[in-house]
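Peer 1: Sharing a structure below in structure tokens format, with a few things to ask.
Bear in mind that the values in this text are calculations on the coordinates, not laboratory data. Note that the structure is predicted; figures quoted are calculated from it, not measured. Every residue, glycine as well, gets a Cβ built from its backbone with ideal geometry; the counts of neighbours run over all protein chains shown.
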Amino acid sequence: MKNMLSELRMAVVATFSLAVVLCGIYPLVVWVISQGLFPHEANGSLIKRGGTIVGSELIAQNFSSPRYFHPRPSAAGEAGYDAGNSSGSNLGPLSKKLADAVKERVEAYRTENGLAPDARVPADAVTASGSGLDPHIDLKNALLQAPRVAQARRIGREAMEKIIKANTEGRDVGIFGEPRVNVLKLNLALDKKM
């Protein structure tokens, strides 16, 4: 009995000690380091305009006006772009529902952007990302949308392409991924310029 009480006491002390270290000290240390070295990223990479939060660099928003660049389609939530309901469609490559949705999106993209009926459409313009919240589109997608946005805003195509290039992010560490454009940042840059 004495041995059992001793073991029980050691188990309680070990549990309490680990709870203090892993649930208190460790998170506090990580929080202090992240706030000290990476405060913007640690606080959600929020974008503010005039003291008001307008979004995050990490989460897509739906833009439907011809005056704005449009993000990838989203399957996150019923209306899409729901950060609290992040997910993909979970439809496989052989899914008729997915094939029909992509075909419909391709036709809508071509019509909206004034492209020829046989024009190639970037995959990211008609397919949702795995999270449904990817804030980026590839450079080709942005350049295909540029004439529509330039016409709606009544600015020259060269000026529009300069704004796109100024808001193009390169490859990660110079080698990973492809050049891409954050749609929210690009649209905010357009609003600021106009």
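Peer 1: In the chain, what is the count of Lys pairs whose alpha carbons are under 25 Å apart, counting only pairs at least 8 residues apart or on separate chains?
Peer 2: Lysine pairs meeting both conditions in the chain amount to 18.
Peer 1: Let me ask something else. How would you rank I33, I47, going from fewest to most other Cβ atoms within 10 Å of each one's own Cβ? Walk me through the intermediate numbers first.
Peer 2: On the way: I33 11, I47 17.
Ascending Cβ contact count within 10 Å gives the list I33, I47.
Peer 1: Would you order I175, I59 from fewest to most other beta-carbon atoms within 10 Å of each residue's own beta-carbon?
Peer 2: Details: I175 7, I59 20.
So the ranking, lowest neighbour count to highest, is I175, I59.
Peer 1: Another question, if that's okay. Starting at the first residue of the stretch 121-130, write each ³J(HN,Hα) from the Karplus equation 6.51 cos²θ - 1.76 cosθ + 1.60 with θ = phi - 60°, in whole Hz, x for Gly and Pro.
Peer 2: 10, x, 4, 6, 7, 10, 10, 7, 6, x
Peer 1: Please list, ordered by chain and number, the residues whose modelled amide H lies under 5 Å from the amide H of I47; skip anything fewer than 5 residues away on the same chain.
Peer 2: Under 5 Å from the amide H of I47 lie the amide H atoms of V54, G55, S56, E57, each far enough along the sequence or on another chain.
Peer 1: Helix-derived [θ] at 222 nm for the chain: sum -39500 (n - 2.57) over DSSP H runs of at least 4, divide by residue count, nearest 500? Walk me through the numbers on the way to the answer.
Peer 2: On the way: 7 runs with 88 residues, N = 194.
Helix-only estimate at 222 nm: -14500 deg cm²/dmol.
Peer 1: Then there's this: Identify which of D82, D134, D118 has the largest mean-square fluctuation in a Gaussian network model of the chain, with springs joining Cα atoms closer than 10 Å.
Peer 2: Comparing D82, D134, D118 in the GNM, the peak value goes to D118.
Peer 1: What number results when the radius of gyration of the stretch 2-41, computed over Cα atoms, is divided by 2.2 N^0.38 Å? Can you show the working numbers first?
Peer 2: Working: Rg = 16.5 Å, N = 40, 2.2 N^0.38 = 8.9 Å.
In units of the globular-protein estimate, the stretch 2-41 measures up at 1.85.
Peer 1: Residue-wise, which Karplus ³J(HN,Hα) couplings in Hz belong to the stretch 109-116, taking 6.51 cos²θ - 1.76 cosθ + 1.60, θ = phi - 60°, and x for glycine or proline?
Peer 2: Here the 3J(HN,Hα) series is 5, 4, 5, 4, 9, x, 8, 5 Hz.
Peer 1: Within a Cβ distance under 13 Å of V106, other residues only, what is the Lys/Arg minus Asp/Glu net charge?
Peer 2: On the way: positive: K103, R105, R110, R120; negative: D100, E104, E107, E112, D118, D124.
Around V106, the charge tally is -2.
Peer 1: Note down the magnitude of the dipole of the stretch 64-194 about its Cα centre, charges +1 on Lys and Arg C-beta and -1 on Asp and Glu C-beta and zero elsewhere, to the nearest 20 debye. Please list the in-between numbers first.
Peer 2: On the way: 20 positive and 16 negative charges, 99 e Å.
Roughly 480 debye, rounded to the nearest 20.
Peer 1: Also, quick follow-up: Regarding the chain, what are the three Cα extents along the principal axes, ordered largest first, in Å?
Peer 2: Projected onto the principal axes, the Cα atoms of the chain cover 85, 44, 33 Å.
Peer 1: With the chain treated as a Gaussian network of Cα nodes joined by springs under 10 Å, which of H136, H40, H70 yields the largest mean-square fluctuation?
Peer 2: Largest GNM mean-square fluctuation: H40.
Peer 1: Right, here's the next one. What's the local net charge at D172, with K and R +1, D and E -1, over the other residues with C-beta under 15 Å away? Can you show the working numbers first?
Peer 2: Numbers: positive: R171, R180; negative: E41, E57, D134, D138, E169, E178.
Cβ neighbours under 15 Å give a net charge of -4.
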